[in-house]
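Data block below; observations after.
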Amino acid sequence: MDRKYLLFGSALAAFTATPAFAQDANAPQSDATSGLQDIVVTAQARNQSLKDVPVSVSVVDGATLQDKNLLRLDDIQFYVPNFKMTEVGITTSIFIRGIGSGENQGFEQSVGLYIDGVHYGRAKQTQAPFLDIDRVEVLRGPQSILFGKNSVAGALSITTAKPTRSFKASVVSSYEFNANDFVTEGYVSGPITDHVRARLAMRYRDAQGFEFNLRTGKKNPQRDEFAVRGTVEVDLTDNLTATAKAEMSRFDRTGRTGQTFVSDPIAVGPFAGLTYGQVLYNVFGQDASVLDEKRDGRRAATGEFSNNKMQTYSLGLDWKIGDYTLKSTSAFTRLKYNDNCDCDFIGADIFSAGFREKFDQTSQEIRLISPEFDSFDFILGGYYEHTKQDYGDQIVVPGNSLLIPAINAQAPGFGNLLANTQAARTARVKGGCAVSLRAGELAFHA
């Protein structure tokens, strides 16, 4: 993806009330000698200073996300070493240190995504836009003990902003001129009573895209996104806090970002001396857009869309028992999407592929976290997950597909049988569940 438009586009701050990232005048100042601010992370399931965590971690805080206009998870790959995320034709590939699950949609990601401790295992869930984020932690290397057996390459741990004990509000809008990319987001946070705090955050984005589609005459990728999250934090007792969260998001896209280019003509055979695009145009009579074989910000494809909806409901309990902490996280997530891919990735009429999925996940996790003693500390926990998935995909061959005359030339009449046909498959997984004692860390200090 060409990032220069997003990195150097003009931004307009429309309105800001009580800036979200303003520093408290009474807060401790950064180390005057080093000039560095202490960064607190939860990479080991407890609040620790980043410099004390024996794990390779990169942290992108909420202020950086806003200042750099990082809108989605794939944007942070330009600021985090060894992290790569690519939205390909049929799925999203995530790699850390070159390790990932690839493009097989039957696999959950080898780089696990966790938002406020809840696992999001489907690749599509990584495409959801950022909303009111406190920080993003990228953990490199296997994280199976504390995060789960699927996180063999690493983990992405996202922490959302929590309700505040004083009233705060913010609205920020930006506009990028080249892509006609308009984003507005804001939040309201503060106390309701002495023991109840709440936070409401919303985000909207409308973007026309920065690559020109020669077939449709419009820019790609066009994005229409909306997300809202409500969080309520209640002090049930002096030692017990409950946090309830409900979030709904919609992120739709028309068109993609990839360009197909061919640099060398065919060397031998009946089409020697012609490029792939010239063969499609001169021999098969395809649209002239197939002749564009340069990396010039222009592409050609039709019928591409991706419509996605996601919901999350969670309840967290945080109980202080002396110096120990007992945490419980209950969650339900739902993902629904409907995609269509022009999977020949050019302006020719060949075939398209459709994908749909509905995925429900219910999970429960409990952890007992010890204080950090002089010589050792420990974390004990259990995890339960129940999932239900309905999935289907299909290959569509239109009546004007060039596959039809090509096949007819080899087997007369057979290609006509493919016209306007759909080859579909569906899969359903009900009642899948997992139970594990996945968090059982015992650490000894020198």
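The values are calculated or read from the model by the stated rules, or taken from the named source; none is laboratory data. What you see is a predicted model; the values in this text were computed from it and never measured. Reconstructed Cβ throughout: ideal geometry from the backbone, glycine too, with neighbour counts over all protein chains shown.
Looking at ASP296, is it within 30 Å of ARG205 (Cα to Cα) and either touching a Gly at 6+ places or on another chain (Cβ under 6 Å) or modelled with pLDDT under 95 (or both)?
When the stated conditions are applied, ASP296 passes them.
Please list, ordered by residue number, the strands (runs of 3 or more DSSP E) wholly in the stretch 126-222 having 1 or more residues that are over 18 Å from the mean Cα position of the chain (by Cα), at negative phi and in contact (Cβ under 8 Å) with a residue 24 or more places away in the chain.
168-176, 181-191, 196-207, 211-213
Please count how many residues of the stretch 288-307 are of a type in the set (D, E, K, R), touching a residue at least 40 places away in the same chain (Cβ under 8 Å) and touching a helix residue (DSSP H, G or I) at 6+ places or on another chain (Cβ under 8 Å).
Adding up the residues that qualify gives 1.
Can you name every residue in the stretch 183-217 that is modelled with pLDDT under 95 and aromatic (Phe, Trp, Tyr)?
Scanning the stretch 183-217 gives PHE210, PHE212.
Restricting attention to the stretch 361-369, does a residue exist that is over 24 Å from the mean Cα position of the chain (by Cα), among the basic types (Lys, Arg) and not in a strand (DSSP E or B)?
Checking the stretch 361-369: not a single residue is over 24 Å from the mean Cα position of the chain (by Cα), among the basic types (Lys, Arg) and not in a strand (DSSP E or B).
What number of residues within the stretch 89-107 are surrounded by 14 or more Cβ atoms within 10 Å (Cβ to Cβ), of a type outside the set (D, E, K, R) and touching a Lys or Arg at 6+ places or on another chain (Cβ under 9 Å)?
Selection size over the stretch 89-107: 9.
Any residue in the stretch 397-415 that is without any contact (Cβ under 8 Å) to a residue 60 or more places away in the chain and assigned to a strand (DSSP E or B)?
Looking for residues that are without any contact (Cβ under 8 Å) to a residue 60 or more places away in the chain and assigned to a strand (DSSP E or B), one finds at least one in the stretch 397-415, hence yes.
Is there any pair with a first residue in the stretch 382-394 that is of a type in the set (Gly, Ala, Ser) and a second that is surrounded by fewer than 16 Cβ atoms within 10 Å (Cβ to Cβ) and outside any strand (DSSP E or B) whose Cβ atoms are under 8 Å apart and which are 6 or more apart or on different chains, and what are they?
Cβ pairs passing all conditions: GLY382/LEU437.
Test each condition in (1) closer than 30 Å to GLU365 by Cα; (2) among the β-branched types (Val, Ile, Thr); (3) touching a Pro at 6+ places or on another chain (Cβ under 9 Å) for THR312 and report the one that comes out false.
With (1) closer than 30 Å to GLU365 by Cα; (2) among the β-branched types (Val, Ile, Thr); (3) touching a Pro at 6+ places or on another chain (Cβ under 9 Å) applied to THR312, the lone miss is (3).
Which one is nearest to LYS245 (Cα to Cα), of the residues in the stretch 103-125 that are in contact (Cβ under 8 Å) with a residue 40 or more places away in the chain and in a loop (DSSP other than H, G, I, E, B)?
ASP116
Does the stretch 288-302 hold any residues that are crowded, with 16+ Cβ neighbours inside 10 Å and either assigned to a helix (DSSP H, G or I) or out of contact with any Phe, Trp or Tyr (no Cβ under 8 Å at 6 or more places or on another chain) (or both), and which are they?
SER289, VAL290, LEU291, ASP292, ALA300, THR302
Across the stretch 219-267, what is the total count of residues that are acidic (Asp, Glu), surrounded by 16 or more Cβ atoms within 10 Å (Cβ to Cβ) and under 30 Å from ASP194 (Cβ atoms)?
Adding up the residues that qualify gives 2.
Residues of the stretch 303-314 being of a type in the set (Gly, Ala, Ser), part of a strand (DSSP E or B) and closer than 19 Å to GLY255 by Cα, which ones?
Selection gives SER306 alone.
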